[in-house]
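Chemist: This is the structure I want to talk about, given as structure tokens.
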């Protein structure tokens, strides 16, 4: 399935290990390309609004700390007015992009990865702007690179009572669209107005964004993360104070028809479940879906959605508790298999950190990347999982950094290739 | 409507009785038989003056039959006067004058200059656009400006579309646009350079970088002052009608009457314009979408781009009377209807989105020389304007470039994700009441020394309402008022027999924005609306200098410098929905150190060949430069833009204009080239060229005059024009395939106009963009291809 040669190494050792054999080491695909992406600044340092550059190297070069990669000088510019929203095929040979805003916003394109700055743009263009606006949020499903799912909420409108002055509710139109990644084209799409509960709506809440869709084990439902926005019912103006919170929610729709939308709620967290520019929920081998939250009352949680497509409220995994800090915020994360994941996060809106999490033990261990005040994973998009190894790009804004390779099986951390940076820019992903 | 207007016009012509007046014209030549340019021809008894052109030609029209003394004065000739008699329709008086030596430069130099030359050698970096020839042709005022050196007019589409002006690399609100010295925003979007016909305009002055005191405003890139026709001396009636491609129609009518005994002066003008603007577009952004999202490149005719405008101006008052040199009351009414075909980019064609605007304006002009004491001159200009704008966007279906709804994958027509074409459905009214006052006092301390004080006051009260918003939202919407004051103190000096002219000035700017933010507060258990008022007061001082020195009569050095600044405008702070501009309350004022240095040389003769040249270099050192950046931050993203501060930029460039005359051939070439670089050490764009500015342009035009074609006493003029724009990047984004770079543009136009022997009728034909090339002022927003226009002008000068 990985189109790769998985090398198994037999470990011969003393007899006491035989009852508890070490898991087999999986080195993944040694011949694949690893694409590094960097975001150019727009008007202010770190805003990433100046576009996206990419550059690809071999797995070995990515792991070699003596190698240097400079996407800003040598890279290939991906066409997108703001940070491109990239996804890659499992084997790293194709990049998928949907341009975010600009004259070609909503345009889906594929690039064949040829190594270095050589990327070949493939065949027809598909534009999903009419379906999901020029700024769609999308990820690919873990279905062998067959499908991408783009989601969007638009046209949010306030409805009042007949007197025109008494706030009733605000709702927008939610769009869920499936995209054929192979023969570029739209598979199908559905649109719905998704009401919150009457009590939640009376407080001014509405579904503001959708993002981070994931396919369940049975392959018959999509679970889509949601953020809640709020109006002040007294004035009809936006309320961004964040003083009042309601329970975390996800949208569940039938797959592949995308019909029958239904909201599910968690009692564990009050955070949003849509993530930002990247995956936010993963299907584990145990058949459950694990989803990160952002902006909750007590830092980020990892929530569990069971095979009945409902939140398992008995599963409580608080990142604040596991790390012993207050105000964790998961910018992005990646499930690496066998209950292990890596989260990149900030604490009390500061810094950029990585933790190795164990979903079964509900524990988290900080990964020892160098601390830096200018490090932030706020726009982080991409990790490569290659066998046991998880690749991450770590660069503080405007400073050089490195690729780091984290072994999900052993927990080991190794420093990979050097990433050359430029003023105001930062690296935002590995694909 | 338009047909009625034509009939009215035509019936006018047939009923007007002609009075007993005639025209005087002729050629002034020196003792070598060479034509004398720039000589002043004065009818002593009537105090009427005309200047000779490059061919030595002059004309004085509408002279009542009688005997007069004709005086001819010039820098390079001796004063000469002759007695003439006017007793027929056309009196030709050719005059030979004797040349004098250069050193005898006298006051006559000033008199001998045409208004154009007088302004252009005043020290300011200024070009004067003469509208006389253009008013007879199928030219829009904006096109005329676009051909002027250092000026780039950037329109989003065809006739009537939004336009922005770029002067030497500065644009947006850095550039002041004035009508008779009053800020154009006072007149609203229904009366602007898009629809004011050149025939209503006397001349257009384009000031680069440094604005003279009488154009008071916080504009740091310079300004464009449109001087409407005055011509208080002669009675006339002019009418024209034109028709052309894309069902474009324009009609205008103007007339003027002055009673010589009482000084009572009446002036009126009206215009009507219409265009479907249904020209074809085929640029790379023009794509149709299939149900499965696959895009295909296409060609399409614009289907929601119609434009209609009409308006008029009436003036009544007294000129050259004891108590006033000029006292005029005026009313100005105008209306425009404009459909909006797309947002910032052509990617999504809109259906049904349109804006309407109208304005009623009353004004008072007063000028009195020797006011209270000798040498003291008072000018006053007051305008009150009631402006209304309406924007409607209610069509919820999406359209392809074939004008048909897009069908989705389920076979149904697509609904827009946002509710309407560009965002939520909207029926928005913006009303503004604007007061604009300008007063000036100037005093001649001694010969050649003048003190000038000017004050400009501008206040706007704005109300917004959207019928599709809930009452609740509207109750709590933010509103704002803006007031600006600019005071200017100037000292002008003419020395060394007028060869040196200097102008030193200080400007004091003051701006007040009052922002009313309604809030809900619970009082005794009741939700009550209270208003939180925030005031923003800003003031600042700028200063500058302008000077010119005539090394020789035909070689003048010109320099000017200013520390200019401008406060963020109402639109930049609060946004403007109809031009897709979002608010930015944190925008800071922009300052700039501007410097211009140049010369005007000519004209130099070599036999029948005559050449004149002007070259000028400029520097603009800007801090907190306010630029429009395409904006895509909001969650519901549509192509919009917002104003932002860039930390610093420096623009260095030059412009040059060359005129060549050989017999009946007149050729003009101009070029402008500059680099506007980011000057911000911490930015990765440090020392990089700012995108989306056309930084290298060349314009050229040629005119060839043929007399006595087909009929005796007729004149045929042939015109050729080209405009070149070098490719430029439109975004910061790096691309391998220059995806966001504009193509090289080289657009060519030809035209002809024929003056019938009666001198009353002119017929003009123009063919624009004759090779049907892709033309862009703003990238991703294509302008019209090949187009043809025909125009008929009728002028009566004698009644």
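Derivation of every value follows stated rules applied to the coordinates shown; laboratory data play no part. Quick caveat, the model's predicted, so the values are computed rather than measured. FYI the Cβ positions are ideal-geometry reconstructions off the backbone, even for glycines, and counts take in every protein chain you see.
Chemist: Could you sort the peptides A:253-261, A:291-299 by per-residue average Cβ neighbour count (10 Å cutoff), highest mean leading?
Modeler: Those peptides, ordered most packed to least, come out A:291-299, A:253-261.
Chemist: Separate question: Please report Rg (one decimal) and Dmax (integer) in Å for the Cα set of chain A.
Modeler: Cα only, chain A: 21.4, 82 Å (Rg, Dmax).
Chemist: Using Cα-Cα distances under 8 Å and only pairs 6 or more residues apart, what relative contact order does chain B have, in percent? Display every interim value, and only then the final one.
Modeler: On the way: 2246 pairs, mean separation 81.9, N = 799.
It rounds to 10 percent for chain B.
Chemist: By average Cβ neighbour count within 10 Å, what is the ranking of B:161-171, A:409-419 from highest down?
Modeler: Put in order of decreasing packing, that is B:161-171, A:409-419.
Chemist: Please list, by residue number, everything in region A:149-165 whose backbone N is under 18 Å from a paramagnetic label point 7 Å out along Cα→Cβ of residue A:218.
Modeler: none
Chemist: According to the square roots a ≥ b ≥ c of the eigenvalues of the Cα gyration tensor, what is the shape class of region B:171-292, taking rounded for a/c under 1.5, prolate for a/b larger than b/c otherwise, and oblate for the remainder?
Modeler: In terms of gyration-tensor shape, oblate.
Chemist: Same structure, new question: Summarise the long-distance tail of P(r) for the protein assembly as shown by giving the % of C-alpha pairs beyond 42 Å.
Modeler: Of the Cα pairs, 51 percent sit more than 42 Å apart.
Chemist: Pop a pseudo-label 7 angstrom from the Cα along the beta-carbon direction at both residue B:737 and residue B:523 and give the gap in nm to one decimal.
Modeler: 6.3 nm
Chemist: Also, quick follow-up: If packing is taken as the mean number of other Cβ atoms within 10 Å per residue, what is the order of B:28-36, B:610-618, highest first? Intermediate results must be reported in sequence, preceding the final value.
Modeler: Values: B:28-36: 16.1, B:610-618: 19.6.
Listed from highest to lowest mean packing, they are B:610-618, B:28-36.
Chemist: Moving on. Count, for each residue of A:308-319, the Cβ atoms from other chains sitting within 10 Å of its Cβ, then give me the mean as a whole number.
Modeler: Shielding by partners across A:308-319 averages 0.
Chemist: Could you please state, rounded to a whole Å, how far the C-alpha centre of region B:496-542 is from the C-alpha centre of region A:172-205?
Modeler: Between the Cα centre of region B:496-542 and that of region A:172-205, the gap is 44 Å.
Chemist: What's the FRET efficiency of residue B:689 with residue A:314 using the Cβ-Cβ distance as r and R₀ = 51 Å, to the nearest 0.05?
Modeler: 0.25
Chemist: Would you mind checking region A:264-304 for residues with the amide N under 18 Å from a putative spin-label position 7 Å along Cα→C-beta of residue A:348?
Modeler: Answer for region A:264-304: A:295-300.
Chemist: How much FRET efficiency would the formula 1/(1 + (r/R0)^6) give for residue B:455 and residue B:682, where r is the Cβ-Cβ distance and R0 is 60 Å, rounded to 0.05?
Modeler: For R0 = 60 Å, the calculated efficiency reads 0.90.
Chemist: I need B:45, B:315 ordered by Cβ neighbour count within 10 Å, fewest first.
Modeler: So the ranking, lowest neighbour count to highest, is B:45, B:315.
Chemist: Determine the percent antiparallel among the DSSP beta bridges restricted to chain A, to the nearest 5.
Modeler: Antiparallel: roughly 95 percent of the beta bridges in chain A.
Chemist: Oh, and also: Under a crude label model (7 Å from the Cα following the beta-carbon direction), how far is residue B:540 from residue A:243 in nanometres?
Modeler: Label at residue B:540, label at residue A:243, 3.8 nm between them.
Chemist: With just the Cα atoms defining each centre, how far is region B:382-442 from region B:31-50? Give it in Å.
Modeler: When both Cα centres are located, 54 Å separates them.
Chemist: Per 0.36 nm of contour for each residue apart, how much would the distance between residue B:790 and residue B:57 grow if the chain were fully extended, relative to their Cα-Cα spacing?
Modeler: That works out to 261.1 nm of additional length.
Chemist: Report the antiparallel proportion of the DSSP beta bridges in the protein assembly as shown as a percent, rounded to a multiple of 5.
Modeler: 95 percent
Chemist: Under the definition of partner shielding as Cβ atoms of other protein chains within 10 Å of a residue Cβ, what is the mean value for peptide A:161-169? Numbers along the way, then the final one.
Modeler: Details: counts 2, 0, 3, 7, 8, 4, 3, 2, 0.
The mean count of partner-chain Cβ atoms within 10 Å per residue comes to 3.
Chemist: For region A:304-383, I need the span (max minus min coordinate) of the C-alpha atoms along each principal axis, in Å, sorted largest to smallest.
Modeler: Largest first, region A:304-383 extends 42, 26, 19 Å along its Cα principal axes.
Chemist: Over region B:677-799, what lengths in whole Å, largest first, do the semi-axes of the equivalent ellipsoid take, defined as the square roots of 5 times the eigenvalues of the alpha-carbon gyration tensor? Before the final figure, lay out the partial values.
Modeler: Values: eigenvalues 393, 46, 29 Å².
Working through the eigenvalues yields semi-axes of 44, 15, 12 Å.
Chemist: Hey, another quick one. Within region A:245-284, name every residue whose backbone N is under 18 Å away from a label modeled 7 Å from Cα of residue A:307 along the Cβ vector.
Modeler: A:255, A:282-284
Chemist: Given the -39500 (n - 2.57) contribution per DSSP H run of 4+ residues, what per-residue ellipticity at 222 nm results for the protein assembly as shown, rounded to the nearest 500 deg cm²/dmol?
Modeler: The helix-only estimate for the protein assembly as shown comes to -1000 deg cm²/dmol at 222 nm.
Chemist: Now for a separate question. Summarise the partner chain shielding of B:467-477 as one whole number: the mean count of Cβ atoms from other chains within 10 Å of each residue's Cβ.
Modeler: Whole-number average of other-chain Cβ neighbours for B:467-477 is 6.
Chemist: Then there is this: To the nearest 0.05, how large is the calculated FRET efficiency for residue A:325 and residue A:400 if R₀ is 22 Å and r is the Cβ-Cβ distance?
Modeler: 0.20
Chemist: For region B:424-478, what is the convex hull volume of the alpha-carbon atoms per residue, in Å³?
Modeler: Spread over its residues, the Cα hull of region B:424-478 gives 107 Å³ apiece.
Chemist: Is the shape of region A:313-431 rounded, prolate or oblate, going by the alpha carbon gyration tensor and its root eigenvalues a ≥ b ≥ c, with a/c under 1.5 for rounded and a/b larger than b/c for prolate?
Modeler: Oblate, because a/c is 1.5 or more while a/b does not exceed b/c.
Chemist: Distance between Cα centroids, region A:62-80 to region B:664-735: provide it in whole Å.
Modeler: Taking the Cα centre of each part, region A:62-80 and region B:664-735 sit 40 Å apart.
Chemist: Bin by bin, in steps of 10 Å, what percent of the Cα pairs in chain B do you find, going until the bin that has the longest distance?
Modeler: 2, 12, 22, 26, 21, 10, 4, 1, 0, 0
Chemist: Extending each Cα 7 Å along its Cβ direction at residue A:162 and residue B:264, get the distance between those two points in nm, one decimal.
Modeler: Those two pseudo-labels are separated by 6.2 nm.
Chemist: For region B:175-306, give the share of DSSP beta bridges that are antiparallel, in percent and rounded to the nearest 5; count only bridges with both residues there.
Modeler: So the antiparallel bridges in region B:175-306 amount to around 85 percent.
Chemist: Moving to a separate point now. Over chain A, what relative contact order in percent results from Cα pairs under 8 Å that are six or more residues apart?
Modeler: Numbers: 1212 pairs, mean separation 57.4, N = 431.
In percent, rounded to a whole number, it is 13.
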